[in-house]
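Written out below as structure tokens is the structure these notes cover.
The values are calculated or read from the model by the stated rules, or taken from the named source; none is laboratory data. Computed from a predicted structure; not experimentally measured. So basically every Cβ, Gly included, is an ideal-geometry build from the backbone, and we count neighbours across all protein chains shown. Each accessible area value is taken on the protein alone, full model and side chains, heavy atoms only, with ligands, DNA and RNA left out. Shrake-Rupley method; radii C 1.70, N 1.55, O 1.52, S 1.80 Å.
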Amino acid sequence: MSSHPPRVDEQAAGREGVRAVRAAGGGPPRGGGGVWVGVIEDAWAARVPSQVARGVARRQGRLLLRLARRVWPEVGAYLPDDGEVARPVVLGVVGAVTGLSAEQLARTVAYEEAQTVMSASLKLLPVDPADAATWLASLHDDIERLVKDVAPLTDPHSVPAGGAPLIDVFAHNHAIERMRLFHA
């Protein structure tokens with residue numbers, strides 16, 4: 001068994017990446033998880049200082065994993081059967097199992113995250129849905145720059161740790177509010 005986790009780009013490289021994960025001791029078939037899941041999860045958690053945000057991402061990951069196991073049963077070979085794995089980790093495994101390139105996965109995640117903000121704006125502000133769609137479309141160049149920056153990253157410890165402390169404060173305050181707007 002390898003003493004180091006497989007590279008993130010190997011995991012994102014599709015079926016070849018899945019074979020690399022397996023060859024590197026990335027987990028026995030059928031839900032064994034593996035050391036690499038813990039390494040990647042720990043690297044992610046170190047970059048998310050808010051306990052509230054980490055909890056939300058793990059609940060979202062659990063729900064995504066439930067769906068992913070039904071659609072792509074091979075996902076279960078790389079993630080634990082129980083417990084909560086962060087959504088970004090589940091997305092990486094889904095990308096590897098489905099054969100998405102690192103660029104495709106990064107682009108999908110970036111657009112999904114931006115769309116989440118746009119959807120929230122429609123619920124919280126008097127915004128015309130066409131305006132929100134226009135805002136999302138206007139992010140194309142920024143998203144492509146982001147994809148170019150993150151797709152080549154191969155070591156979980158080299159992932160940048162950009163932060164938005166005010167969002168962490170808002171997430172914490174929202175979690176303890178008596179009347180919450182969202183569950184996330």
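Here A46 and V71 are evaluated by their C-beta separation; at R0 = 35 Å the FRET efficiency comes out at 0.70.
For S121 and A164, compute 0.36 nm times the residue count separating them, minus their Cα-Cα distance, and round to one decimal in nm.
Numbers: separation 43, 0.36 × 43 = 15.48 nm, distance 1.86 nm.
Gain in length upon complete extension: 13.6 nm.
For region 68-184, the alpha carbon convex hull comes to 161 Å³ per residue, rounded to a whole number.
For T98, the solvent-accessible surface with a 1.4 Å probe is about 60 Å², rounded to the nearest 10. Under the simplified labelling scheme, the E144-T108 pair shows an inter-label distance of 2.1 nm, with each label point 7 Å from Cα along Cα→Cβ.
Averaging the Cα positions of each part gives two centres, and for region 46-62 and region 109-184 these lie 14 Å apart. Among the protein heavy atoms, those of D141 account for about 100 Å² of accessible surface (1.4 Å probe, every chain in place).
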